[in-house]
1. For the range 17-44 and the range 80-96, what is the separation of their Cα centres, given in Å?
2. So what is the calculated 222 nm ellipticity per residue for the chain, using -39500 (n - 2.57) for each DSSP H run with n of 4 or more, over all residues, to the nearest 500 deg cm²/dmol?
3. Output wanted: per-residue J couplings in Hz (rounded whole) for the range 5-16, from phi through Karplus 6.51 cos²θ - 1.76 cosθ + 1.60, θ = phi - 60°, x for Gly and Pro.
4. For the chain, with a Gaussian network of springs between Cα atoms less than 10 Å apart, report the residue from Gln73, Gln47, Gln16 with the top mean-square fluctuation.
5. For a quick check of understanding: with a 1.4 angstrom probe and all protein chains in place, what accessible area in square angstrom does Arg10 have, to the nearest ten?
6. Counting heavy atoms of the protein chains only and a 1.4 Å probe, report the per residue accessible area for the chain as a whole number of Å².
7. Can you give the local net charge around Asp35? Use residues other than it whose beta-carbon is closer than 13 angstrom to its beta-carbon, Lys and Arg +1, Asp and Glu -1.
8. In whole percent, how big is the carbon plus sulfur part of the accessible area of the chain, probe 1.4 Å, protein atoms only?
Amino acid sequence: YQQVDITDLRVEEDIQNEKLKAAREIKEGLQDVKDVYDEFGRLVEHQQTGLDDMQKNVGSATVNMQKGQEQLQGAKKEQTRSRKCMCILIGLLLAIVVIIIIVVVVVMKK
């Protein structure tokens, strides 16, 4: 009777050891899953930072582009004004030259 009990106890001990081993493997597997999940979270956070930076850069580029367009429009207006002034000056110079020529011709005829 005692021999059977010891054998039963050993079988029971082996079963418990197998269950303990399986529980440890499950625990290790769960730890691996947790580690992967944590790493994934860090990667997502890192990528979000990059995305935030890109969004800021796009916004900044848009503002800079608008300012550049405004400056180009201002430069175009300034160029138009400058051309008008140049034409007026050339016209005045031509008028002065014509008047001088007329005065010289009239004085020479007398």
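The values are calculated or read from the model by the stated rules, or taken from the named source; none is laboratory data. Model, not experiment: these values are computed from the prediction. For neighbour counting, all protein chains shown are included, and Cβ atoms are generated from backbone atoms with ideal geometry for every residue, glycine included. These area figures cover heavy atoms from the full protein model, side chains too; ligands, DNA and RNA do not enter into them. Shrake-Rupley method; radii C 1.70, N 1.55, O 1.52, S 1.80 Å.
1. Between the Cα centre of the range 17-44 and that of the range 80-96, the gap is 85 Å.
2. Mean residue ellipticity at 222 nm (helix-derived): -38000 deg cm²/dmol.
3. Computed from phi, the couplings for the range 5-16 are 5, 5, 5, 4, 5, 5, 4, 5, 5, 4, 4, 5 Hz.
4. Gln16
5. 150 Å²
6. Accessible area per residue, the chain: 97 Å².
7. In short, -1.
8. 64 percent
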